[in-house]
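Notes to accompany the following structure.
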Amino acid sequence: MSALATELAVELCDVSVVIDGRALLDRVSLEVPTGQMVGLLGPNGSGKSTLLRTTYGAMRHHSGHVRTAGLDLATTRPRDLARRCAVLAQDHATDLQLSVLDVVQLGRIPHRRSRGARGTDTDLARDCLARVRGEELADRDFSTLSGGERQRVLLARALCQEPELLLLDEPTNHLDVSHQLELLELVRSLGISCLVALHDLTLAAAYCDQVALLQHGRLVAQGSPEAVLTSERVEEVYAVTCDVLTHPRTARPLITVSPRRRG
Amino acid sequence: MSTTSLRRTPLPRPPQPVLVAGLFLLLIASAVVCIGLGPIAVNPTTTARVLWAHLVPGEHEATWSLIDERIVWVFRTPRVLLAALVGATLALVGVVLQAVVRNPLADPYLLGASSGAALGAVIGLVLGATVPGLVVSGSAFAGAVLAGLLVYSLASRGGRIEPLRLVLAGVALSYLFSAATSWITVTADHGKLPGLLFFLLGSVASATWGTLLLPALGLGIGIGYAWWRVDHFNAIMTGDETATSLGVDVTRFRVETLLVTSLLVGSVVAVAGGIGFVGMVVPHVCRLMVGAEHRRLLPVSLLVGALLLVVVDTVARTAASPRELPIGVVTALVGTPFFLWLLRRRPVGVGS
């Protein structure tokens, strides 16, 4: 892969994040080539969320360089970054007394110069809802949506930012299998560069161009799913017994795990 | 989330301009009626005529007595206006704080500004009672701002402010300030007690045209600020990380709102004492009416806050006539049942 020749949507170079003397990220270097979908994998506490937060400036790194959507984070105002990079964080409140259209229009905030120009914003918000097949949700109360609908609406909100890069922190959490597939299918179909933290290795292998595997705040490997997700590596990182099969339909890696045998 | 289907269906929402215009007219009408009510009643037509004569330049034929004119213009109009200003300000502070700390129970009291202002006022009363007006207002104002700064410095850690820590620091400091206020109240000489009670329970009885200046200025600044930052309020109520990703500098924004709300609460407490519940209850009621989007919520909350306090103050001064009930007592009597109803109605905390 000639990653050097292509432009990079995300470029982390020797990034460390230290809190209370503990390295949450330890000299991590990671790249997301423009237009690609990169999966961020690793056990709980391996640094996936920290890495994403560092990438959009919600967390400060102590050493190394971060370039996100072509902007050097050290010298970029949050608002300028927000015009190019949208995030689906995990902390979004669910019991908001907002309509779906209100929620989607939150994505226009970084673009607004004045308080006006709401008419075109509303049109754009409806377009974004249509792209996630959520037109009929527009006037619903956000708090009444199901988990799958909610994630689609939040994705529409991210699209409303007109981003060139999407960061998603475990977007498939709490979704049933069909909604997991639907959401990732949707994200892929957008054709926007994205870095997505996932738990399900098979799902990551099925949808991502590349995956990056983290353990204890260090990057273990980055590359194609076939190259990174070998049974030895998964066994080592997750402390499980792992067999990598070939998916009978898609020919993608199918990662199966079982408890590690003892003694 | 299987309970989501059991949630209430939203109330039908009238178009925003209609609602705002309706509330505005209702506020004007209530003000005119309330100005007329009191030990000496003036009928609304006369009241309106007197107000018209004062507000619109030109020759007016006086069809009313001089006493009516003095009652309306000198005594009751400033008082009703002050009630409206104070109600609107408290509602505004409530809307802002509830969004910024993402806690539905946040009100001006919760972050210590009210109790700080009361303590400042009480200290001012005890120390410098010679020129009550100026010293007391100034020290109440200083108390509110200092309390805000203190809560902020206690709640921030490593340059970040967490909403929960902010609320806890505010509650803890409020207790401390109240204790200090009580101590001073008990040990103060009896001649000063009525003045102290005024600040503890709240009242707009001291209103003159002159006392309107400070809260009017405060409210003007507050509205300007809130409208300027209206997008930020919408963003921050969804979560810190989401707000950050939308380009909001969350920590700086919290500091900013803490400063502005302290100033606003200071300007209100300085002239009207501590008036509880308005700041918490009004935003809730308004959210039920128009939802939480702040472009819609702010104007409606301002009007409902003003309307509520105009009516409540009229009840306070007429219900037990010739005695006056402290306005804080009446708002608490209205507020507590509402608060309890709210507790039973929805799960506590944000995020179901």
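The values are calculated or read from the model by the stated rules, or taken from the named source; none is laboratory data. These numbers were taken from a predicted model, which means no experiment stands behind them. Virtual Cβ from ideal backbone geometry, glycine too; neighbours counted across all protein chains shown. What goes into the accessible areas is simple: the full protein's heavy atoms, side chains included, and nothing from ligands, DNA or RNA. Shrake-Rupley method; radii C 1.70, N 1.55, O 1.52, S 1.80 Å.
Estimated at 0.36 nm per residue, the fully extended path between residue A:230 and residue A:243 surpasses their Cα-Cα distance by 3.8 nm. One chain, two ends: residue B:179 and residue B:318. Fully extended at 0.36 nm per residue, the span grows by 46.9 nm beyond their Cα-Cα distance. Buried accessible surface for the A/B pair, both sides summed and rounded to the nearest 100, is 2900 Å² with a 1.4 Å probe.
Peptide B:246-253 shows a mean partner chain C-beta count of 5 within 10 Å per residue C-beta. Restricted to Cα atoms, region B:208-352 shows a radius of gyration and a Dmax of 17.1, 58 angstrom. Using a/c under 1.5 as the rounded threshold, could you call region B:243-310 rounded, prolate or oblate? The axes a ≥ b ≥ c are square roots of the C-alpha gyration tensor eigenvalues, and prolate needs a/b larger than b/c, oblate otherwise. It comes out oblate by the Cα gyration axes.
Normalised by the empirical 2.2 N^0.38 Å for globular proteins, what value does the Cα Rg of region B:20-345 take?
Output field value: 1.01.
Both the radius of gyration and Dmax for chain A are 18.9, 69 Å, in that order, over alpha-carbon atoms.
Antiparallel beta bridges, as assigned by DSSP with both residues in the protein assembly as shown, represent about 65 percent of the total such bridges.
How large is the Kirkwood hydrodynamic radius of region A:171-263, counting all unique pairs of alpha carbons, in Å? Intermediate results must be reported in sequence, preceding the final value.
Details: mean 1/r = 0.0705 Å⁻¹.
Result for region A:171-263, one decimal place: 14.2 Å.
Once the Cβ-Cβ distance between residue B:164 and residue B:60 is put in as r, and R0 is 45 Å, what FRET efficiency do you end up with, to the nearest 0.05?
Calculated transfer efficiency: 0.20.
With respect to chain B, whose longest principal axis is taken over its alpha-carbon atoms, helix B:250-272 is tilted by about 20°.
Can you compute the helix-only [θ] at 222 nm over chain B? Use -39500 (n - 2.57) per DSSP H run of at least 4 residues, normalise by all residues, nearest 500 deg cm²/dmol.
-23000 deg cm²/dmol
Extension gain, residue B:16-residue B:197: 0.36 nm per intervening residue step, less the Cα-Cα distance, totals 61.1 nm. Which shape class applies to region B:23-90: rounded if a/c is under 1.5, otherwise prolate when a/b exceeds b/c and oblate if not, where a ≥ b ≥ c are the square roots of the Cα gyration tensor eigenvalues? Note, shape of region B:23-90 comes out prolate. The eigenvalues of the Cα gyration tensor, multiplied by 5 and square-rooted, give the protein assembly as shown an equivalent ellipsoid with semi-axes of 56, 26, 20 Å from largest to smallest.
Would you please calculate the Kirkwood hydrodynamic radius of region B:260-346 over all C-alpha pairs and express it in Å, rounded to one decimal? After inverting the mean inverse Cα-Cα distance, the result is 14.1 Å. Could you please state, rounded to a whole Å, how far the C-alpha centre of region B:133-176 is from the C-alpha centre of region B:275-336? Result: 24 Å between the Cα centres. Per residue, chain B exposes an accessible area of 44 Å² to a 1.4 Å probe, with every protein chain left in place. Entry note, region B:20-345: relative contact order of 29 percent, from Cα contacts under 8 Å with a spacing of 6+ residues. In terms of the mean number of neighbouring beta-carbon atoms within 10 Å, the peptides B:260-273, A:234-247 order highest first as B:260-273, A:234-247. When both bridge partners sit in chain A, DSSP labels roughly 60% of those beta bridges antiparallel. Obtain the nm distance between the two label points defined at residue B:288 and residue A:176 by a simple spin-label model: each point lies 7 Å from its Cα along the Cα-to-C-beta direction. Those two pseudo-labels are separated by 3.4 nm. Modelled label positions at residue B:228 and residue A:221, each set 7 Å beyond Cα in the direction of Cβ, lie 5.5 nm from each other. The modelled label-to-label distance for the pair residue A:258/residue B:40, using points 7 Å beyond Cα in the direction of Cβ, is 9.7 nm. Per atom type, region B:20-345 shows carbon and sulfur on 73% of its accessible surface, probed at 1.4 Å.
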